[in-house]
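Asker: Sharing a structure below in structure tokens format, with a few things to ask.
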Amino acid sequence: MKKLITLIITISLFSCSDGDFDVPSFEFTTDVESCGEYVIYKKNDTSTEVIILTLTPTNIGTTEGDKTVAISTTLSVVYRIFEDGIGTNYFCQSIPPSTPKILKELIAESGTINIATAKVITNEVVTGYTYTITISDLLFNDADERILFQSFDFGILTVNL
């Protein structure tokens, strides 16, 4: 009887499924890239994972200092996993290409975008601006998973004049 119970317990332990829980890596290796001034993104080294930040004209400016804005419908953060790597002009096209296929998309539900603006000065002349972007309390939430980053370093965007 003990052997039968041990066998049943052993079989039930090995037959349990941990589900299809796929935790995104969120390891972006490229510099911050942009398409225009208001769509900025980072990719992983294979260009199959991308995090995209969509800003408005009032968020990227020429006033030095720190600005804090909440994620909203006009200020969005999106995480995507693609079937294959994307090209350099993927986000700059007016009609997004049908390939590569998007395997997963998570849209941030909440969070606070922090932008520190500084002038780039060359030979005592302002030649551009740098925007150091971090996101605090970044929450991605869908039916299957919830991913929270207390602090996410998006990176530095440099815009030359």
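Asker: Restricted to segment 132-150, and to residues that are modelled with pLDDT of 95 or more and within 17 Å of Val32 (Cβ to Cβ), which residue is surrounded by the most Cβ atoms within 10 Å (Cβ to Cβ)?
Answerer: Leu138
Asker: Still on this structure: Starting from segment 116-139, take each residue that is touching a residue at least 24 places away in the same chain (Cβ under 8 Å) and small (Gly, Ala, Ser) and list its partners that are loosely packed, with under 15 Cβ neighbours inside 10 Å and not in a strand (DSSP E or B), counting only C-beta distances under 7 angstrom and pairs at least six apart or across chains.
Answerer: Every condition considered, the pairs that remain are Ala118/Glu64; Gly128/Leu161.
Asker: Determine, yes or no, whether Ala70 is at pLDDT 95 or above and within 17 Å of Ile40 (Cα to Cα).
Answerer: yes
Asker: If only one of Asp137, Asp84, Asp66 is acidic (Asp, Glu) and within 15 Å of the chain's Cα centre (by Cα), which one is it?
Answerer: Residue meeting the stated conditions: Asp137.
Asker: Out of all the residues in segment 113-123, which are under 20 Å from the mean Cα position of the chain (by Cα) and either exposed (fewer than 14 other Cβ atoms within 10 Å of the Cβ) or of a type in the set (A, V, I, L, M) (or both)?
Answerer: Passing the criteria: Ile113, Ile115, Ala116.
Asker: Select from segment 38-50 the residues that are closer than 19 Å to Thr130 by Cβ and either in contact with a Cys (Cβ under 6 Å, 6 or more places away or on another chain) or not in a loop (DSSP other than H, G, I, E, B) (or both) and list them in ascending order.
Answerer: Val39, Ile40, Tyr41, Lys42
Asker: Another question, then. Can you pull out every residue in segment 120-134 that is out of contact with any Ser or Thr (no Cβ under 9 Å at 6 or more places or on another chain) and part of a strand (DSSP E or B)?
Answerer: Selection gives Thr122, Val125, Thr127, Ile133.
Asker: Any idea which residue in segment 62-81 is surrounded by the most Cβ atoms within 10 Å (Cβ to Cβ), counting only those that are among the aliphatic types (A, V, I, L, M) and not in a strand (DSSP E or B)?
Answerer: Restricting to residues being among the aliphatic types (A, V, I, L, M) and not in a strand (DSSP E or B), the top hit is Ile71.
The values are calculated or read from the model by the stated rules, or taken from the named source; none is laboratory data. The shown structure was predicted, so the numbers you read here are calculated from the model rather than taken from an experiment. All Cβ positions, glycine included, derive from the backbone under ideal geometry; neighbour counts span all protein chains shown.
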